[in-house]
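The values are calculated or read from the model by the stated rules, or taken from the named source; none is laboratory data. Remember, predicted model here, so these are calculated numbers, not experimental data. Every residue, glycine as well, gets a Cβ built from its backbone with ideal geometry; the counts of neighbours run over all protein chains shown.
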């Protein structure tokens, strides 16, 4: 990519930690390919950083490689030629080297060392407490296996718990930054790109090279030679055991089974047997549980629905996983035909709602709406559903939104249908102030525009 996009707040946090007059220990983690290494590399390029990338090899191999890099960093030939059988000696050399100069030490894929030797987080805790915490040093521990990074560095029972001075969970890039990657494409053209790449920088980079979304999918997703063809397998097999059980669960949700009872029915298992699998997938940011935004106690709500949170994984389970036999046999034309027929209606239209939700927050922060709110989500009951509802929990303002990703302009009937549905929303129904926002991917009819001109509570955004 030509330049670093959308990591301003994360970079500012790292710079602030680096400028502190104390030792800093920052945990940087997030899913693979989300840009952790790019962030730390950009941060450290002018700061004399010692960067070490751990591997899935044994702790002995990692220690030897780390020793070699420290020897080069400290210009210590004696250490370089020595046989060292513990980490303390290596870090002691680091600690004694130029003690008055602020040192930046980054250990990437930190979790692999702890995976090889479960005692390593305790070893590093001892090193931090005895050698590093009182020095002029900043240590960044990076990792892409979320479950292991949380258990090794963040969990209450981790030896490193309480030592960190900060943490960053790096998230995918929001849709609003996509125009910085795809120059020359308007916002509407970028929606399908986001619906497939989901804000993951590595995917964005691959898709930039192609003429349109379908060419990108054919070359980089359904080609058996592309790493994206096996990407969900690669991501999950490093995080979980019983990968088949997790694949079946994700596929059931991606196919439209959002209630726990429906998922259990499709898989022919008891609902209680799914709890731990769902919890794991939620912790990995692959799925999420939603409840109507007006629920008083979301955790205890019985109206929860499960959805795939990761755009690419949802796309893959809808269009690639069920077609793997055809793809393996070389029938890519028929697979691409099904993708062309179904991408908008089966996938992108639903992702469009999440884009509109992000846009609603942005519009409010920019003052484009005469209302503020602090909670945004979906609302539904047994008969009706509203795409987005935004609440001001300390006041009486409520915003009702509908999002339409269709080729035709949105007409006034969408507004009137929304007006009917909002009567079922019981939140502060006696004294609330209602506002209406309509999002359309392809504009609005003259009738709806005239209606918006006449109403102060109706706002249209294309």
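For the structure I just gave you, tell me whether residue 166 is within 20 Å of the chain's Cα centre (by Cα), closer than 26 Å to residue 11 by Cβ, modelled with pLDDT of 90 or more and buried (at least 16 other Cβ atoms within 10 Å of the Cβ).
Here the answer is no, as residue 166 does not meet what is asked.
Condition first: outside the structural domain of residue 32 (by TED's automatic domain parsing), in a helix (DSSP H, G or I), closer than 20 Å to residue 319 by Cβ and touching a strand residue (DSSP E or B) at 6+ places or on another chain (Cβ under 6 Å). Can you find one or more residues in the range 226-242 that meet it?
There is no residue in the range 226-242 that is outside the structural domain of residue 32 (by TED's automatic domain parsing), in a helix (DSSP H, G or I), closer than 20 Å to residue 319 by Cβ and touching a strand residue (DSSP E or B) at 6+ places or on another chain (Cβ under 6 Å).
Which pairs have Cβ atoms under 6 Å, sit 6 or more apart or on different chains, and link a residue in the range 422-442 that is within 26 Å of residue 409 (Cβ to Cβ) to one that is part of a loop (DSSP other than H, G, I, E, B)?
From the range 422-442, the pairs are 435/371; 435/457; 436/457; 440/462; 441/405; 442/407; 442/409.
In the list 284, 260, 235, which residue meets the criterion of being surrounded by 18 or more Cβ atoms within 10 Å (Cβ to Cβ), more than 21 Å from the chain's Cα centre (by Cα) and either on the phi > 0 side of the Ramachandran plot or in contact (Cβ under 8 Å) with a residue 24 or more places away in the chain (or both)?
260
Can you tell which of 295, 299 is surrounded by fewer than 19 Cβ atoms within 10 Å (Cβ to Cβ), assigned to a loop (DSSP other than H, G, I, E, B) and modelled with pLDDT under 95? Reasoning before the result, please.
Values: 299 fails: assigned to a loop (DSSP other than H, G, I, E, B).
Matching residue, one of 295, 299: 295.
In the range 172-186, is there at least one residue being more than 21 Å from the chain's Cα centre (by Cα) and touching a residue at least 24 places away in the same chain (Cβ under 8 Å)?
To start, the set of residues in the range 172-186 that are more than 21 Å from the chain's Cα centre (by Cα) comprises 183-186.
Those still in the list that are touching a residue at least 24 places away in the same chain (Cβ under 8 Å) too: none.
Scanning the range 172-186 turns up no residue that is more than 21 Å from the chain's Cα centre (by Cα) and touching a residue at least 24 places away in the same chain (Cβ under 8 Å).
Yes/no matrix, rows are residues, columns are (1) modelled with pLDDT of 95 or more; (2) assigned by TED's automatic domain parsing to the domain that holds residue 400; (3) more than 23 Å from residue 425 (Cβ to Cβ):
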residue	(1), (2), (3)
289	yes, no, no
316	yes, no, yes
320	yes, no, yes
339	yes, no, yes
343	yes, no, yes
356	yes, no, no
364	no, no, no
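Just checking: which of the helices (runs of 4 or more DSSP H) contained wholly in the range 67-120 hold 2 or more residues that are under 18 Å from residue 27 (Cβ atoms) and assigned by TED's automatic domain parsing to the domain that holds residue 32?
Fully inside the range 67-120 and qualifying: 111-116.
Are any residues in the range 135-159 out of contact with any strand residue (DSSP E or B) (no Cβ under 7 Å at 6 or more places or on another chain), under 13 Å from residue 121 (Cα atoms) and crowded, with 21+ Cβ neighbours inside 10 Å, and if so, which ones?
152
Every residue, every condition in (1) closer than 21 Å to residue 301 by Cα; (2) at pLDDT below 95; (3) assigned by TED's automatic domain parsing to the domain that holds residue 447; (4) touching a strand residue (DSSP E or B) at 6+ places or on another chain (Cβ under 7 Å), yes or no:
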site	(1), (2), (3), (4)
360	no, no, no, yes
382	yes, yes, yes, no
387	yes, no, yes, yes
393	yes, yes, yes, yes
403	no, no, yes, yes
415	no, no, yes, yes
423	no, yes, yes, no
